[in-house]
Ligand code: SF4
């Protein structure tokens, strides 16, 4: 709550925190039962909560006075006691390929980013879960910014609300009047997201700034609103949570919700992965994969998508592809190869097209489904791994250096080796 209050104290913008200096409750991000409780507190019956969710998530309405099927007295009560606050847009950039990136105010001079990627059959919104990230992955530009804070549920849900609002506000729409999303647009009157493939945002991926499972408390309710038929009503296969491998939280997720799971793997062996993704020193590959297969079993899922950023001379050899295939071939797994997107200060280089294709072919020969992700939004730095926002680093100790120090301590005690023979070392690390 303190975080939300800090957000709302930023001058000049309506922020999606959990509370407000005025004492009004932000309805965006409240679970269905919480909204029912809120309505009950105002003396209204539970069906009012359903009506409110319809206005919020189906029609994109952010003004109580426009909610015409609510009694006038109830609307006045809502206006006095509640608000619908979304993150404030600082900048909007559009790439030549139609990709759109927004910088959103995070309070106290902080900012985070979200990216919309249009494709013929879908519209994918990549959202953030934290301002910055503490996990310190070596190839990630967000990691270079450090970590400031977790986003609130309202700020996470608010990104999807906002993208629909911005993208549906074409000529003839009522954008700015606080009424229905996409009215007068191609997406159908009164419907937030249109239907089927015509939805503006058909897919949501938590792959922006931050490690979503490190903000479990706020991410889980947001996921529930994405799936809720009174919320954004997205199919569970169209909501993807991407993690760098927080194993205990993957087990917890398996108890709590069924969404598509993606895991940032990036290396076929622990020695290299520990350098690229420092959390691997705490949760090595075998432990991580066991958690993934458990998730699939528990949730009756189809497969886990493993993301693998292609770094020239680091993790892109045919031998490494074969090692990766041996790890995954017997399991419900897909590999998504991501050409590295360079950012200032990195000494990693993108693997050549030929190397990426050879890597994919080796994986397929080894019995693993593998695809190469098409890079989008490069001209506005909106491609994978390029989101930076504006982060005042409050990280006490970078995870990479902290875990490297722990490994060195254990090595000095003779418990572990610090490197594996024959491994190709990355040329640069974020730590
Ligand atoms: S790759 Fe993800 S988990 Fe790793 S530092 Fe970047 S944002 Fe954090």
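The values are calculated or read from the model by the stated rules, or taken from the named source; none is laboratory data. Keep in mind the model is a prediction, meaning the values are calculated, not measured. Positions of Cβ are backbone-derived with ideal geometry, glycine not excepted, and every protein chain shown enters the neighbour counts.
Considering the range 134-151 alone, what residues qualify as being under 12 Å from the mean Cα position of the chain (by Cα) and within 11 Å of the ligand (Cβ to nearest atom)?
Scanning the range 134-151 gives no hits.
In the range 201-252, how many residues are within 12 Å of the ligand (Cβ to nearest atom) and farther than 15 Å from residue 306 by Cα?
Selection size over the range 201-252: 8.
At pLDDT 90 or above and within 23 Å of residue 115 (Cβ to Cβ): does that describe residue 344? I'd like the intermediate steps shown before the answer.
Values: at pLDDT 90 or above: no; within 23 Å of residue 115 (Cβ to Cβ): yes.
For residue 344, the condition - at pLDDT 90 or above and within 23 Å of residue 115 (Cβ to Cβ) - is not met.
When only residues in the range 188-200 that are surrounded by fewer than 23 Cβ atoms within 10 Å (Cβ to Cβ) and modelled with pLDDT under 50 count, which is nearest to the ligand (Cβ to nearest atom)?
Once the filter is applied, the top-ranked residue is 197.
Please enumerate the residues belonging to the range 253-273 that are more than 13 Å from the ligand (Cβ to nearest atom) and outside any loop (DSSP other than H, G, I, E, B).
253, 254, 255, 256, 260, 261, 270, 271, 272
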